[in-house]
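Single-structure report; data block below.
All of the numbers you see were taken from the coordinates with simple rules; none came from a lab. Just so it is clear, the structure is predicted and the values come from calculations on it, not from any experiment. Using ideal geometry, Cβ is built from the backbone for each residue, glycine included, and neighbour counts are taken over all protein chains shown.
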Amino acid sequence: MQILTWNTQWCCGLDGIVSPRRIIEHARNMADFDVLCLQEIASNWPMLQGEAGIDQAAQIAALLPGFQVFFGAALQTWDAAGQPQHFGNLIATRLPALQVQHHALPYPPDPAVESMPRMCTCVTVDAPGLGPLRVLTTHLEYYSRSQRSAQAAALRQLLAEYAGHAARPPQPGEAGSPFQARAQARHTLLCGDFNLEASDADHALIQQRCDGLDEGWHDVWQHLHPGQPHAPTFRLFDRRYGPLPVACDFFFASGSLLPHLTALRVDGQTQVSDHQPVLLELAP
């Protein structure tokens, strides 16, 4: 099983060309992925996209026949003409989707910097040999440290809630009602652009276990490449945001998934986004 995560920068390459098709073509060349997690997907933002009315989530869905595509808007607003604008994250899967959830992340006030709301999309899929698997993708705040820390803590709490439901599922309600029994996944995977480095205190915060819980997030790179620095995923070719390449795009896994993680690699060559795609492989 292969899962690919990528901050697409609204599908804008370092050459300034905005192209969802190019993003999908490169992702397909990199891997025959089962799940694709994309951050910074935009709709109707002329300042970013170069033209109005482009629904990138719809374009990506059309480029992925046989996949279900789930878009979560961190920001939904309207332009001066009243046309809706969306900006957020997307999960596409060719595996059967069992449940979809969209979580708004904390957004405490920070008047010192510009910022925007952030969210996390979760799709539970039926993974071959693994059963129900929750796949979460997110994009944390860039400018505000206090907001990013609050969001990191919320991601830790999300795993605690998921693990709690898997261990102690709710009573099943009447079939056909919103209270009917739902798939509860023991395995959970989190990926995306966290806008922090492995040395950052918030990276450790994400992995801290909640009180009374044995489960916690584990950095997949550190598990598969112990003692090795994470391959850079940002600022390899564009140094507008800093002088040196860094890793800020990660996979985190629940402890139950660690025996199934087989490989993790970064494509350090492509320039069709300002971030590099990261590919995870799992075995049953």
For this session: Determine the gain in length on full extension of the stretch residue 223-residue 263; use 0.36 nm per residue of separation and subtract their C-alpha separation, reporting nm with one decimal.
Result: 13.4 nm
Seminar exercise, completed: Under the rule rounded for a/c under 1.5, else prolate if a/b exceeds b/c, else oblate, using alpha carbon gyration tensor axes a ≥ b ≥ c, region 62-161 is classed as oblate
Exercise. Does anything in region 91-132 have its amide N under 20 Å from the 7 Å Cα→Cβ label point of residue 58, and if so which residues?
Worked result: 91-93
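Among residues other than residue 184 whose Cβ falls under 13 Å from its Cβ, what is the net charge (Lys/Arg +1, Asp/Glu -1)?
Numbers: positive: 134, 168, 182, 186; negative: 126, 161.
Around residue 184, the charge tally is +2.
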Exercise. Residue by residue, what Karplus-based ³J(HN,Hα) values in Hz, rounded to whole numbers, does region 184-198 have, using 6.51, -1.76 and 1.60 with θ = phi - 60° and x for Gly and Pro?
Worked result: 10, 8, 7, 9, 9, 10, 10, 8, x, 9, 9, 6, 8, 9, 5
Seminar exercise, completed: Simple SL model, points at 7 angstrom along Cα→Cβ for residue 209 and residue 113; separation in nm is 3.1
Seminar exercise, completed: Of the DSSP H helices in the chain, the ones reaching 18 Å or more along their long axis in Cα terms and averaging at least -0.5 in Kyte-Doolittle hydropathy are 145-167
For this session: For every other residue with a beta carbon closer than 13 angstrom to the beta carbon of residue 228, add +1 if it is Lys or Arg and -1 if Asp or Glu, then tell me the sum.
Result: 0
For this session: Collect residues whose amide H, placed 1.01 Å from N in the peptide plane, falls under 5 Å from the amide H of residue 54; neighbours closer than 5 in sequence don't count.
Result: 44, 45
Problem set entry | Estimated vicinal HN-Hα couplings, Hz - region 266-277 in sequence order (Karplus 6.51, -1.76, 1.60; Gly, Pro = x) | 10, 7, x, 10, 5, 10, 8, 8, 8, 10, 9, x
